[in-house]
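The values are calculated or read from the model by the stated rules, or taken from the named source; none is laboratory data. All figures in this text were calculated on a predicted structure; none of them were measured in a lab. Here the Cβ positions follow ideal geometry from the backbone for every residue, glycine too, while neighbour counts run over all protein chains shown. Surface accessibility is based on the protein's heavy atoms, side chains included, excluding ligands, DNA and RNA. Shrake-Rupley method; radii C 1.70, N 1.55, O 1.52, S 1.80 Å.
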Amino acid sequence: MATPSVPDSVGEVVDLDKARSARAESADPTADQSADPEHSRSGAESGDPTEPVMVDGPAEVGPGFLGRLMGAKRRAIVPLWLRSGKEFKAAARWATGHYGHLAGYHGLRSPYYAARLAFQAPRGAAKFVGGTMRWVADREGEPVRLASVRREDAAEYLKLSRQRDGRVRLRTLVTVLGMFVGLGAALAIYVLAPGWLQALSVGAVLLALGSAGTQADAPVITRAVEMTKAPKLTSDIVLRALGALGITAINQVQSKGRDGFTFTAPITRDGPGWRAEGDLPYGVTVTDVIERRDKLASGLRRPLGCVWPEAVPDEHTGRLVLWVGDQDMSTATKPAWPLIKGGSVDLFKPVSFGTDQRGRWVDITLMYIAGVIGAIPRMGKTFLLRLLLLIAALDTRAEVHTYDLKGTGDLDPVGERVSHRHRAGDDDEDIEYALADLRELRTELRRRAKMIRSLPRDICPESKVTSELANKPKLGLHPIVIGVDECQVWFEHPKHGGEFEEICTDLVKRGPATGIVLLLATQRPDAKALPTGISANASARWCLKVMGQLENDMVLGTSSYKRGIRATMFSWKDKGIHYFVGEGADARIVSSVYVDAPTAEVIGLRARRLREAAGTLSGHALGETFEANEAAGFDLLADILAVVPAEEPKLWSEVVVARLAELRPDVYGGWEPEQLAAALKPHGVNTGQVWGKTEAGKGANRRGIERSRILAVIAERDGNRDAG
């Protein structure tokens, strides 16, 4: 049987034992093989059976020029600041302000500059005449001629002397001609030119002579802008800093005389700082560098707030982008927030709420999201939530619900001015108030879902609320924004925690499409304070400084810590600085706009005036009372007994909610079996599998309740009341 041919491109299969034995037998122990590099490739080729044997196939040809070209990344032809209208306006605004400042600064001091130059003109004239005479006399060649005299080299001296005589004759002729031309021009200007041209000419000569007479250590014109003294970032500085991190792999590579960091692009200016990008040594990840950010800042000799190592999401985990700012991010001057002085908001469009390390605006679109804010205390979490609520308040269509469970009044600039529902505190009446409001919102969620489903496709093609639909008051699809500070108080409540979690999870999952936005802020981002059903479905995340991996991943998403997105690296002075995940982009470091309490009051008052003009002020801000007891003044257990007679000891949940809806449509309308289960859970009643019959008469097991369990809970509750 013929042996099939093997293509040349396939690696050869080698019997390692036979190959080792054959090479060991044929090896000449007296031969010097050190000069042949082929003999140092593997243990088999060197004859040493203890060394590993390389089993690579024949060298393969690379992808070629075309293949490398197809895999290359193309840089943008038009830079970002030209493609983005907002970036272009920001750049134009900066350039206008910068050069306007220069013009004003030097324009005001121009008389002083002119006087200084006129005073220095005699010195400049003397320097000009002296320099001209030295040039005509060929004084620059005199040291060479004197050197030939000292060497007593007559031939060289005569040659240099003849050369010098020729230069002097030529330069004397040029000087004389220049004097005649200059004097003729001056005479013509004096006789023929108008007065303004004469003054301009004399002034130009004086300024030129004054500039020539300026001493190097006493410049006439002072700097209008003090440039930062941050050193230029160079490759040597980057390599030195990375070598100081104590990462073994980097140090091993550098000890062999090779760079521990391979630059993939030139170091360039990127905004108010420098940007370096490259590959770390094999086995070293960006996370290893981020963990040592303080040492990296020390190696760069820059403040910690200037050094921001980042991973590249679309590349391997060893691709590092190092941005080194000229100034600390926490203290650098930020551009003025456009909404501080005026303007309104359309929540369906992006709104700037902070800046990145480079000073560029970062936008947020509050519609179609559910947001989570996490941080340790005193890092700006509440300020960030209040900022987002102020943005929502500036849309006159938005119905704002604010809950300050810390009870310090930080949300009052929004709550007392424009909120439809507002409470500050965590007393029992505050909890009942909030729970009644959430129950209404859940009912509103279901109403909106039915309304959206009933609209024609040409009016609502994407099955979600749009800005056009929100503009139609008859549909009742205006934006609803709920902001909750210290939300862990709700979810850890011993009695109503389960219902809070169930309603908020529903709002997070289904609310964005119906125009309902839930923003939750907590200083304890763990599984109990921030249920996983909520944190896993939040599409917008803001994480300020946290202390550990668990808190980091609860806010920013699972495995964020491993991917190098670590809010643990923020320092205690990085207030308001956070990782932001949203707007369809990867995690970005953002410094939120700082709005203090007095400024927030001003913005809140402006938002109220806008709403009064639009006629959309309602609820708490309008002075209406919302009695939680009246809204929640029904006895669920008693109502269940009313709709479940004694002859039906067990009943499916779907039947129970249908009967409850008939009993109290304003309370139970739109309830689902899952909602009934959540409402019964605080009472200690769990739904389970119940046998029943369908309308067709067939038996089936479905989730339901037992009437006897409802009776037992009511009896126990009434007994406790009597004992009290």
Completion exercise
Binned at 10 Å starting from 0, the alpha-carbon pair-distance distribution of the stretch 366-437 in whole percents comes out as 19, 50, 31, 1
Problem - Pairwise FRET efficiency - residue 268 versus residue 447, Cβ, R0 = 56 Å, nearest 0.05 - result: 0.55
Exercise for the section: Mind pulling the angle between the C-alpha long axis of helix 597-614 and the longest principal axis of the chain? Nearest 10 degrees, somewhere in 0 to 90. Expected result: 60 degrees
Practice task
Might you tell me the accessible area per residue for the stretch 573-724, computed with a 1.4 Å probe and given in Å²?
Solution key: 55 Å²
Fill in the blank from the handout: For the stretch 428-532, listing GluC sites (Glu not before Pro) in a DSSP loop whose Cβ sees at most 16 other Cβ atoms within 10 Å gives 462, 492
Practice task
Would you check the accessible area of residue 144, probe 1.4 Å, heavy atoms only, in square angstrom rounded to 10?
Solution key: 80 Å²
Completion exercise
What helix-only [θ] at 222 nm does the chain give? Using -39500 (n - 2.57) per DSSP H run of at least 4, over all residues, to the nearest 500, the answer is -14000 deg cm²/dmol
Fill in the blank from the handout: With a ≥ b ≥ c from the Cα gyration tensor eigenvalues, square-rooted, and the rule rounded for a/c under 1.5, otherwise prolate when a/b > b/c and oblate otherwise, the stretch 515-671 is oblate
Practice task
Just the number, please: carbon plus sulfur as a percent of the accessible area of the chain, 1.4 Å probe, no ligands or DNA/RNA counted.
Solution key: 57 percent
Problem - Accessible area per residue, Å², the stretch 514-569 with all protein chains present, probe 1.4 Å - result: 34 Å²
Fill in the blank from the handout: Projected onto the charge dipole of the chain (unit charges on the beta-carbon of Lys, Arg, Asp and Glu, signs +1, +1, -1, -1), the Cα from 233, 401, 148 with the largest positive-side position is that of 148
Fill in the blank from the handout: Rounded to the nearest Å, the spacing of the alpha-carbon centers of the stretch 475-489 and the stretch 162-217 is 79 Å
Completion exercise
trypsin sites (Lys or Arg not before Pro) in the stretch 539-596 lying in a DSSP loop, each with at most 15 other Cβ atoms within 10 Å of its Cβ, come to 562, 573
Fill in the blank from the handout: Karplus-derived 3J(HN,Hα) from phi for the stretch 320-329 (6.51 cos²θ - 1.76 cosθ + 1.60, θ = phi - 60°), whole Hz, x at Gly and Pro, runs 10, 10, 10, 10, 10, x, 6, 10, 4, 4
Completion exercise
1/(1 + (r/R0)^6) with r = Cβ-Cβ of residue 215 and residue 180, R0 = 22 Å, i.e. FRET efficiency to nearest 0.05, evaluates to 0.10
Problem - DSSP loop chymotrypsin sites (Phe, Trp or Tyr not before Pro) with at most 11 other Cβ within 10 Å: longest gap in the chain - result: 283-571
Exercise for the section: Note down the net charge around residue 648, summing +1 for each Lys or Arg and -1 for each Asp or Glu among other residues with Cβ under 13 Å from its Cβ. Expected result: +2
Problem - trypsin sites (Lys or Arg not before Pro) within the stretch 360-456, DSSP loop, no more than 14 other Cβ atoms inside 10 Å - result: 378
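So, counting K/R as plus one and D/E as minus one, what does the shell of residues with Cβ under 14 Å around residue 562 add up to?
The answer is -1.
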Exercise for the section: Quick one: what are the phi-derived ³J(HN,Hα) couplings along the stretch 574-582, Karplus 6.51/-1.76/1.60 with θ = phi - 60°, whole Hz, x for glycine and proline? Expected result: 7, 5, x, 8, 7, 8, 10, 10, x
Problem - P(r), alpha carbons of the chain - 20 Å bins starting at zero, rounded % - result: 12, 29, 25, 20, 10, 3, 1
Problem - Average accessible surface area per residue within the stretch 386-501, 1.4 Å rolling probe, Å² - result: 37 Å²
Exercise for the section: Would you rank 569, 547 by solvent-accessible area, highest first, keeping every protein chain in place and using a 1.4 Å probe? Expected result: 547, 569
